[in-house]
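**Q** The structure follows.
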Amino acid sequence: MLTKTKLYGTLAGLGFFLALIPNVALAQRDMEVEMPISEGEQTAQFQKLEQPLSLKIAVAVGGLGLIGAELWWFMFSKTKSQKARVDRGIQEIDITVDGGYTPDRIEVAAGEPVRLNFYRQDPSGCLEQVLLPDFNKALDLTLNQTTSVEVTPKQPGEYTFTCGMNMYRGVIKAEANDAS
Ligand SMILES: [Cu+2]
């Protein structure tokens, strides 16, 4: 949650700053133009047209860069995939609950038990509950503690888990186990 908020804040701040530049530049230009200049008038007019254009391009490039950064961040944040480790015959994975689930895509072998350890760092009530509808499980997470649950995805496929209000989600991706 914190990282998301921080990123949005930075992006918004940067966007605002970039949008401000041409306005400041134009204000300065206007003040200069108002001054009675007869000789350099033509050059002043020429510059008046040229400079905002280059600034506009700079702002457009900056804006595109921001959009790109945002897209990249969303793509990147969507692929927090991780394979479960196997410990004494049980597949285990630690999931940090903080503005969502990290990782939010867990790769496991189908037909084997999976232990999910949810460590809740986010105080928002939204993430207090985890629902695993495919396994008929609902967990209450205590803040700054690990709450574990064991499930067995019997068939290969995707099993989602969500917060109590279905706003945040994660996926358990069970793949066919060749070994068994
Ligand atoms: Cu929620």
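**Q** Roll a 1.4 Å probe over the protein heavy atoms and report the accessible area of Glu92 in Å², nearest 10.
**A** The value for Glu92 is about 20 Å².
**Q** Leaving ligands, DNA and RNA out of it, report the carbon-plus-sulfur percent of the accessible area of region 81-175 at a 1.4 Å probe. Don't skip to the end; give the middle numbers.
**A** Working: 2060 of 4740 Å².
Of the solvent-accessible surface of region 81-175, carbon and sulfur hold 43 percent.
**Q** Can you bin every Cα-Cα distance in region 81-175 into 10 Å intervals starting at zero and give me the percent of pairs per bin, rounded to whole numbers?
**A** Percent of pairs per bin, in order: 18, 55, 24, 2.
The values are calculated or read from the model by the stated rules, or taken from the named source; none is laboratory data. Since the model is a prediction, treat every value here as computed from it, not as a measurement. The protein model used for the area step is the full one, side chains on, heavy atoms only, and it has no ligands, DNA or RNA in it. Shrake-Rupley method; radii C 1.70, N 1.55, O 1.52, S 1.80 Å.
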